[in-house]
Amino acid sequence: MLRRAPPPPPTDSPQARLRCFLAGLSLFSDLPEATLDELAARAESIALAGGMTLLEQGTASDAFLVLRWGRLAAWRTGDGGQIRRLGQISPGECVGEVGLILDQPRTATVFALRDSELVRWSRSEFEQLIAHHPAAMLRLTREALKRYAATAHRPAEVRCIAVLPGTPGVDAVAFARRLARALPWLGKVRVVEADEARSRGAGWFSRLEQEARGLIYVGDRDPAWRDRCVRQSDAVLVLADTDDKPSHALPLPQARSPHLPLHLVLLRREAPMPGSTRAWLDAFPDRAMHHHVIDEEDLARCARLLGGQATGLVLSGGGARGFAHIGAVRALRERGIRFDYIGGCSAGAVVGAGFAAGWDEAQLARGMRSAFVDHDPLSDRTLPLVAMSSGRRVSRALRALFGERRIEDLRIPFFCVSTDLTEGSLHVHERDLLWTALRASSALPGLVPPVFHRGRVLVDGGVIDNLPVDQMQRRISGRIVAVDVGGSYRLETTLEETALPSSWLEFLRQWRQKKYPSIGRILWRAAMVNSEANASRQRRLSSLLLRPPLAGVDLLDWKKFGEVVELGYRDTLRHLQTLPQGRPSLPAEQINEP
């Protein structure tokens, strides 16, 4: 194969352009010119439409391929049928090399995320290349190992975006131009409209993608052009004007791969009315991520979530210590940090929901003080058949705060966690009545009755995971700020012995002297012990971890509201002064210890 070079091709021929492409790859960079000419001459070009499968896991490894343009994705199916995402393949990267190196069947299924073109060489040609140029084999092996190590953590790059009208009359072109300005990390973004590109061939799209750092393809009512926009893109945005009716929603493109991210953009004039979002999500049943876009700040948030530049906020549980979240977020906002996704557990979920609803710190502080300080939420004691309190005060307080809002109505995307005692697993609330989800997330076993929801028994999320950073990591690509107010809590006593008191009178005397922790504190601490083992891992996953010094604050110290808010604020300000200006980018080990 490599012993005799063919005559050089014309400089403007497809073969010459392929040779230039190969020469620019690190794998082939040291090969002689004659070898590059022969590789280009013997390469087979393969065109693959978006959504089509290139390689099937378990089939024979019979070829070596390089992606020329487009984008591929790789998945592996385990013995139990579970599917593991291995990552994406970008232009210039190899495909199928692992099976050839190991002389084994294909280890993954590879399919096209969008219209793609590859070059292919047979197994025999690959083996001849390696035999004559062993250095290429070394580079190939190194690249394969680096990619294997990186794929689990490398976010999918979004450079090409399809913007499609989801309701009649929506101005997709105007939105696309606004979106282009909201993607500064891509540099100059080109907006491609139907009249310019509808009749173009694959080569034109290939050159366009090579020349532009970012592209937005604007669809219209033409099904063929809508499908073409989708096949050329890394993500799809469907625009719905909420002044219209969900029943008028346009159908989603048939060509869309189930693995292609879908975003539903709800264009609004004002904040959504409680319950109004659900009908729109039902009209687009693919469980797309949805965004409420009222102004440019909402659009910027949508762009960051779309482009892997988002900042997530995770707030832990901790009873009255959770008031520190209000002060911490105030300090972060003063620094100019804006959050694109919010998640939390128990008290952190309640505070996070207020911020996700668009409230400022003063509005949230008033609501929290009224709900949890002016009236002790655990004072409605009852016969302890299920819990020490009836739970009515907590339910009334949460319902008074949030009314009939659903999670999907919140302006900033939000989730909270509870513990499913039926299955013994973590339950993530993303589309529920908000106050009910928060009630489940903060239902501490023994203190507050569980929430019975669709046949499940739900209690405080802190039983399993008090700081759900990994849940945020599954939802965004970008940075995660975590505020942990529960991890440093200690349950202490002045008693030195475990011997029981000699009488009830002696027990009551010691109890009044606070030598015994109260039953509420014991239950609260017992419920959180299990999740503490998981907390250290969750803290390491965060980009910036804040742990306000709350050693003197008890879980049930509701009356210390103002003091705790101020502690969270001052300590966060102190910590932020040590950071460089801009959005947080610290490695996880640089944390704020109490």
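The values are calculated or read from the model by the stated rules, or taken from the named source; none is laboratory data. Note that the structure is predicted; figures quoted are calculated from it, not measured. No Cβ is skipped: glycine too gets one built from the backbone with ideal geometry, and neighbour counts run over all protein chains shown. In case anyone asks, the SASA skips ligands and DNA or RNA and just uses the protein heavy atoms, side chains included. Shrake-Rupley method; radii C 1.70, N 1.55, O 1.52, S 1.80 Å.
General remarks:
- Identity of the residue in region 463-486, assigned to a loop (DSSP other than H, G, I, E, B) and small (Gly, Ala, Ser), that ends up most open to solvent (accessible area, probe 1.4 Å): Ser477
- Members of region 375-388 that are surrounded by 20 or more Cβ atoms within 10 Å (Cβ to Cβ) and either modelled with pLDDT of 90 or more or in contact with a Ser or Thr (Cβ under 6 Å, 6 or more places away or on another chain) (or both): Leu378
- Qualifying positions in region 161-185 - more than 16 Å from Ser233 (Cα to Cα), touching a residue at least 24 places away in the same chain (Cβ under 8 Å) and not in a helix (DSSP H, G or I): Gly166, Thr167, Pro168, Gly169, Val170, Ala182
- Considering region 187-210, the residues that are of a type in the set (D, E, K, R) and not in a helix (DSSP H, G or I) include one that is surrounded by the fewest Cβ atoms within 10 Å (Cβ to Cβ), namely Lys188.
- Number of the exception - Glu361 against (1) free of Cβ contacts under 8 Å to residues at least 40 places away in the same chain; (2) surrounded by fewer than 17 Cβ atoms within 10 Å (Cβ to Cβ); (3) among the acidic types (Asp, Glu): (2)
- The residue of region 85-112 that is most open to solvent (accessible area, probe 1.4 Å), among those that are of a type in the set (D, E, K, R) and modelled with pLDDT of 85 or more, is Glu93.
- Candidate set from region 443-470 (those that are out of contact with any Leu (no Cβ under 8 Å at 6 or more places or on another chain) and closer than 29 Å to Ala331 by Cβ); member that is modelled with the lowest pLDDT: Asn466
- So Leu27, is it in contact with a helix residue (DSSP H, G or I) (Cβ under 8 Å, 6 or more places away or on another chain), open to solvent by less than 50 Å² (accessible area, probe 1.4 Å) and modelled with pLDDT under 80: yes
- The residue of region 198-227 that is farthest from Pro253 (Cα to Cα), among those that are among the basic types (Lys, Arg) and free of Cβ contacts under 8 Å to residues at least 12 places away in the same chain, is Arg207.
- Against the test of being open to solvent by less than 10 Å² (accessible area, probe 1.4 Å) and of a type in the set (A, V, I, L, M, F, W, C), the options Leu264, Leu252 yield a single qualifying residue, Leu264.
- Positions within region 415-437 being closer than 23 Å to Asp282 by Cβ and either open to solvent by less than 10 Å² (accessible area, probe 1.4 Å) or in contact with a Ser or Thr (Cβ under 8 Å, 6 or more places away or on another chain) (or both), in sequence order: Phe415, Cys416, His427, His429, Leu434, Trp435, Ala437
- Pairing each residue of region 556-570 that is over 13 Å from Val485 (Cβ atoms) and surrounded by fewer than 18 Cβ atoms within 10 Å (Cβ to Cβ) with any residue that is modelled with pLDDT of 95 or more and not polar (S, T, N, Q), provided the two are 6+ apart or on different chains, yields C-beta distances under 7 Å for Glu566/Gly327.
- Residue count for region 32-50, restricted to those that are surrounded by fewer than 20 Cβ atoms within 10 Å (Cβ to Cβ), in a loop (DSSP other than H, G, I, E, B) and over 37 Å from the mean Cα position of the chain (by Cα): 1
- For region 414-462, the set of residues classified as in a strand (DSSP E or B), touching a Gly at 6+ places or on another chain (Cβ under 7 Å) and polar (S, T, N, Q) consists of Ser418, Thr419, listed by residue number.
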